[in-house]
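**Student:** Please read through the structure below; I'll follow up with questions.
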């Protein structure tokens, strides 16, 4: 039979966030890092979407209001692909409504 061992919980004192000018720099740095991470994640999502659109037929693209050239332009890497695709789709919808 093995003996029962009781573990003591260790309470650690957390250091508070810095105050003063260092706090402002720390907060700004955290915000910047969050924005960079968000941007990288958005780029990865856009690349996946463009790859999926690239394998769709012209008919499927037409069903969602896009043409092959829109997908090629979005895949060029200039600007935000999702914003470009949405703008092109909305532009065509507006032209049809007029």
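**Student:** Which of the residues spanning region 19-39 are in a helix (DSSP H, G or I) and surrounded by fewer than 10 Cβ atoms within 10 Å (Cβ to Cβ)?
**Tutor:** 21
**Student:** Something else now. All but one of (1) under 21 Å from the mean Cα position of the chain (by Cα); (2) surrounded by 13 or more Cβ atoms within 10 Å (Cβ to Cβ) hold for residue 65; which doesn't?
**Tutor:** The one condition residue 65 does not meet is (1).
**Student:** Test residue 31 against the criterion of being at pLDDT 85 or above and touching a helix residue (DSSP H, G or I) at 6+ places or on another chain (Cβ under 7 Å), and give yes or no.
**Tutor:** So residue 31 fails the test.
**Student:** Every residue in region 74-98 that is closer than 19 Å to residue 60 by Cβ and outside any helix (DSSP H, G or I), please.
**Tutor:** Of everything in region 74-98, just one residue is closer than 19 Å to residue 60 by Cβ and outside any helix (DSSP H, G or I), namely 75.
**Student:** Here is a list of conditions, (1) at pLDDT 85 or above; (2) in a helix (DSSP H, G or I), and residue 65 meets all of them except one; can you say which number that is?
**Tutor:** (2)
The values are calculated or read from the model by the stated rules, or taken from the named source; none is laboratory data. Predicted model, so just to flag it, every value in this text is computed and none were measured. Neighbour counts run over all protein chains shown; Cβ positions are idealised from the backbone, glycine included.
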